[in-house]
1. What is the packing order of peptides 135-147, 391-403, taking the mean over residues of other C-beta atoms within 10 Å and listing the highest first?
2. State in Å² the accessible area per residue of region 239-305; use a 1.4 Å probe, count heavy atoms of protein chains only, and round to the nearest integer.
3. With bins 5 Å wide starting at 0, give me the P(r) of region 303-353 over every alpha carbon pair, in whole percents.
4. By how many nm would the segment from residue 224 to residue 345 lengthen if fully extended, with 0.36 nm per residue of separation less the alpha-carbon distance?
5. Volume per residue, Å³, of the convex hull around the alpha-carbon atoms of region 274-363?
6. At 25 °C and a viscosity of 0.890 mPa s, what translational diffusion coefficient does Stokes-Einstein give for region 99-175, taking Rh as the Kirkwood radius over Cα pairs? Give it in µm²/s as a whole number.
7. Determine the sum of side-chain charges near residue 40: Lys and Arg each +1, Asp and Glu each -1, restricted to other residues whose C-beta is under 14 angstrom from that of residue 40.
8. Quick one: P(r) of region 363-495 from all Cα-Cα pairs, 10 Å bins, percents rounded to integers, in order of increasing distance.
Amino acid sequence: MTIDRRTFLHFGAATALAGAAARMASAETQPMPAGHAAAPPEGEPDHSIRIANGLVELAPDHIVSTKLYNGQFPGPLLRLKEGEKVVVDIHNDTDTPEQLHWHGQTVPVDVDGAAEEGTPYIPAHGMRRISFTPGPAGLRFYHTHLTPGADLANGQYSGQVGTVYIEPRREAGRYDREVFLMLKEFQPTLSRGGDMASNFLANPARIKSLEEAGEAAMRASMASGKPHGYEVGYNLFSINGRMLGHGEPIRVKHGERVLFHIVNGSATEIRSLALPGHRFEIVALDGNPVLRPAEVPVLWLGTAERVSAIVEMKNPGIWVMGDLADDDRGKGMGIVVEYAGRTGRPKWVKPMPYRWDYTIFGRQDSATNPDETLEMTFAKNNAALDGFNQWSINGVAFSMEKMEPMFPLQRGRRYRLRMRNASDDVHPVHLHRHSFEITRLAGKPTSGIIKDVVMLGGYQELEVDFVADNPGRTLFHCHQQLHMDFGFMALFDYA
Ligand SMILES: [Cu+2]
């Protein structure tokens, strides 16, 4: 498809560059500490978000009490406009300070919503007003950014997740309407050893040295009498806050082209999604238009990843759009798609095996050379912290007391992160306040895929590049809540 989208992509790239240039210019003319913004204006806010406890009716016999945004789950969909400044008031009606993170946006430190970077807390029973210029365009989201640790009632285990859609100056593609989907689990519990899918990534080849290191560490831990470290499982699963079969179906017409904007709002889980008899034409990853839109039968989304995909409705019936895991779908992870004029029970058909491959959406050649490469090795210390796994980057577990930057950067340079995973877990790694380009995945050079979260397979390597063009402290972490809370974070810093 189509000249239109290609034209858009070029346009999009050009405006993104112009935006970056404008940001740098304005930063140069206003003498302010790195990464800090001017005080927000007075008057009425454009948006108001209130954090408070409330109830979510996942199904008539499954009502959960948790922290919410504006008393609803998901939080209100915020439609912002690229480049048009907004003022947002965040009220906190709870007894504990909060952080609200604008995931995937290139905002300053004091807006971003991460205490590790220096964003002020939203005080308990207080309010913070922030102001920022939304961008980049596309599907983003907002979520709480605390460190709940072993407290599964808090942090992103709660219902504090909402979608942001930043309207581009010109819309991509041809579609009839948009549907936003938020994937989210409730009622978390601790378990020993998980059942999370780990064999769904393409190019599953493992790096021998990483595997030997990881397996040796695990054997030593077991030999010392330790059990497997804790994992988190869930009792209830939902799309848009409703268990499968309990919300309104997505009502479609034959021939309609529906653009799905899908957010994985999970604290810890990787999700899959299929719609029997239909294919997804992926047009954007993490909100960024892809170079080469491609059709896939199944979506895989790591924690905090987003997919925008068009589905042409050409197979009339009543279908279950759901997770491939029978257990999770059985406990609610799905939504019914209902064609006009059709009746009957929703039908699920297990899709053929399919491996997820980011590289089909980009180019199979090398990206621009970086100015500098930063090496990172991720390791797990099994059950080392009161039964929880401890995680480290280059041997250092992040300290929430010290919050020391590990990687000093220089503004304007292009950095390559060479990430090596010495564990068997899949890690959805995330960089705050910047987007990155995937430049090598499981040994294959690639370019043109822009994201802010990417899954790194067990005992695999991954390289991403980013340009240091948004000064201040910048948090890098695994988006799996258990991993980030127990050491898997690091700070970049540049003026
Ligand atoms: Cu992780």
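The values are calculated or read from the model by the stated rules, or taken from the named source; none is laboratory data. Bear in mind that the values here come from a model prediction, so they are computed numbers and not experimental data. Because the Cβ atoms are built from the backbone with ideal geometry, glycine has one as well, and the counts that use them run over all protein chains shown. Protein only, heavy atoms only, side chains kept; ligands, DNA and RNA dropped before computing areas. Shrake-Rupley method; radii C 1.70, N 1.55, O 1.52, S 1.80 Å.
1. Per-residue mean Cβ counts within 10 Å order the peptides as 135-147, 391-403.
2. 27
3. 4, 17, 21, 26, 20, 9, 2, 0
4. Extending this stretch completely gives an extra 38.3 nm.
5. 106
6. Reported coefficient: 177 µm²/s.
7. -2
8. 13, 45, 33, 8, 1
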